[in-house]
Amino acid sequence: TVLVRGRVADVCQRKGCWTILQDGEDRVRVRFKDYAFFVPTESSGREALVEGVVEVKTISASMARHYEEESTGGNPAAVEGPRREIGITASGLRLLPEAKKESRL
């Protein structure tokens with residue numbers, strides 16, 4: 001089990017049942033344990049803390065196309081075969097408060 005922090009780079013646009021967390025060039029797909037919770041579909045750009053179990057697996061071409069269909073700006077036709085990806089099965093996710101913009105008077 002790990003605790004990671006990163007920026008939400010993408011979210012399932014159908015119901016928020018997965019998200020892509022990014023830190024620099026590193027990306028990880030976060031799915032939620034037992035399908036027990038979701039994130040708001042407008043969460044992209046927010047910072048998040050995620051706790052869960054990491055796994056590396058190969059997803060089928062049909063599952064990769066499915067993720068592309070649900071993704072912001074996804075391109076299912078570009079999927080040519082299975083994909084290997086790093087994932088986290090999250091037991092918890094916390095969206096951090098957005099930074100307040102300073103105003104100068």
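The values are calculated or read from the model by the stated rules, or taken from the named source; none is laboratory data. Keep in mind the model is a prediction, meaning the values are calculated, not measured. When the accessible area is computed, the model is the full protein with side chains, heavy atoms only, and any ligands, DNA or RNA have been set aside. Shrake-Rupley method; radii C 1.70, N 1.55, O 1.52, S 1.80 Å.
Using a probe radius of 1.4 angstrom, the carbon and sulfur fraction of the accessible surface of the chain is 47%. Does region 21-73 come out rounded, prolate or oblate by the C-alpha gyration tensor, with a ≥ b ≥ c the root eigenvalues, rounded set by a/c under 1.5 and, if not, prolate when a/b is larger than b/c and oblate if not? Rounded shape, in that the Cα axes give a/c under 1.5. Per-residue Karplus couplings for region 74-88, computed as 6.51 cos²θ - 1.76 cosθ + 1.60 with θ equal to phi - 60°, are listed in order as x, 9, x, 5, 7, 6, 10, x, x, 10, 9, 9, 8, x, 10 Hz, Gly and Pro entered as x.
Between Ile59 and Arg83, Arg84, Glu85, the built amide H atoms are under 5 Å apart, and every one of these is 5 or more places off in sequence or on another chain. For log10 I(q)/I(0) by the Debye sum over Cα atoms at q = 0.10, 0.12, 0.14, 0.24 Å⁻¹, the listed values are [x] -0.35, -0.49, -0.64, -1.35; [y] -0.29, -0.41, -0.54, -1.43; [z] -0.25, -0.36, -0.49, -1.43; which was obtained by calculation from the structure presented? Checked against the structure: label [y]. Amide hydrogen proximity for Val30: with H placed 1.01 Å from N in the peptide plane, the residues at 5 or more positions away or on another chain lying under 5 Å are Thr19, Ile20, Leu21, Ile88.
Averaging the sequence gap over all C-alpha pairs within less than 8 Å and six or more residues apart, then dividing by the number of residues, gives the chain a relative contact order of 31 percent. Seen against the Cα atoms of the chain and their longest principal axis, helix 61-70 is set at about 30 degrees.
For region 3-18, backbone phi angles converted through the Karplus equation (6.51, -1.76, 1.60; θ = phi - 60°) give residue-by-residue couplings of 10, 10, 10, x, 8, 6, 8, 7, 9, 3, 7, 7, 8, x, 7, 8 Hz, Gly and Pro being listed as x.
Surface analysis of the chain yields an accessible area of 67 Å² per residue, using protein heavy atoms and a 1.4 Å probe. Backbone geometry of region 90-98 corresponds, through the Karplus equation with coefficients 6.51, -1.76 and 1.60 at θ = phi - 60°, to 3J(HN,Hα) couplings of 7, 9, x, 9, 10, 7, 7, x, 5 Hz, x marking Gly and Pro. Near the amide H of Gly92, within less than 5 Å, lie the amide hydrogens of Glu51, all on another chain or at least 5 residues away, with H placed in the peptide plane.
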